[in-house]
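First comes the structure, then the notes that go with it.
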Amino acid sequence: MKKTIITIGLSSIIALTGCADKEEDQGLGAKNNAGNPTNVNNPTQYYDEDYRNNDNKSDDFGFTRTNSATIDGRNISNKAASIDREQLSDVISKLSVQIPNVNDAATLVTDEEVLVVYDTNAKDRTETADQVKRTAMSVVPRYYHVYVSDDYQNLAQDVENFATVKSGSRGIDYTIEQTIKRMLKSPQGYKMSGEENENGEMVNDKRDHHDNIHQKMDNR
């Protein structure tokens, strides 16, 4: 009888210990890490099970969580977030050719500008230009300026030539500026808002982007 009682007691202790471990593994007893206030032991129990991109399924939602102070305990207050310009240009081109009457698109993404040259047979060039421009605007950070052109035959190769050039190359700003000037001869769509022109530049503060670039070149 005593052996039976002891056996039952040991089994109960093991079972309770197992439950406690399970709860902790599931994050039920998780405590925030002082170095990262948003850290939990197993966040996949609270959010997307595949948020670490193990499967990388295209039908999964995208989710990340961070704060303005730290990432994995590292201070990021003095570091700017980086973006994948190659990926952004790919997304913009693919979305652009899904617009009615747009057959081809070539996209360049710099540190503050997007250049999209596309081929179209649309009768309303301004409307199509507006759709292409707003598509690009929806993908990049809002401080970007977007320039478009349907002169695909003459400008597509010019935009493509920048693909092998580094952003710090000598004279690159001036060359891009000259390309933008040629693109502005094509419709740019409608104004983005009452405070912004067609390309997303602030009207009141019209930084005269072109003159600033030329001034930079003269000072070198």
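Taken together, the values in this text are just the output of simple stated rules run on the coordinates, not laboratory data. On a predicted model such as this, the values are computed, not experimentally measured, just so you know. So basically every Cβ, Gly included, is an ideal-geometry build from the backbone, and we count neighbours across all protein chains shown.
Which of the GluC sites (Glu not before Pro) across the range 126-198 are loop residues per DSSP, with 11 or fewer other Cβ within 10 Å? Let's see the in-between values first.
On the way: sites: E127, E160, E177, E195, E196, E198; in loops: E195, E198.
Qualifying residues, ordered by number: E195.
Using the structure shown, list the pairs from K94/K123; K123/K185; K133/K181; K133/K191 with a Cα-Cα distance above 20 Å, or answer none. Intermediate values should be presented prior to the final figure.
Numbers: K94/K123 22 Å; K123/K185 17 Å; K133/K181 16 Å; K133/K191 11 Å.
With Cα atoms farther than 20 Å apart: K94/K123.
Please find the FRET efficiency linking K94 to K181, where r is the Cβ-Cβ separation and R0 is fixed at 35 Å, and quote it to the nearest 0.05.
Numbers: r = 27 Å, r/R0 = 0.77.
For R0 = 35 Å, the calculated efficiency reads 0.80.
DSSP beta bridges in the range 85-219, what fraction antiparallel, as a percent rounded to 5? Kindly include the intermediate steps, with their values, before the conclusion.
Numbers: 8 of 13 bridges.
Restricted to the range 85-219, the bridges split so that about 60 percent are antiparallel.
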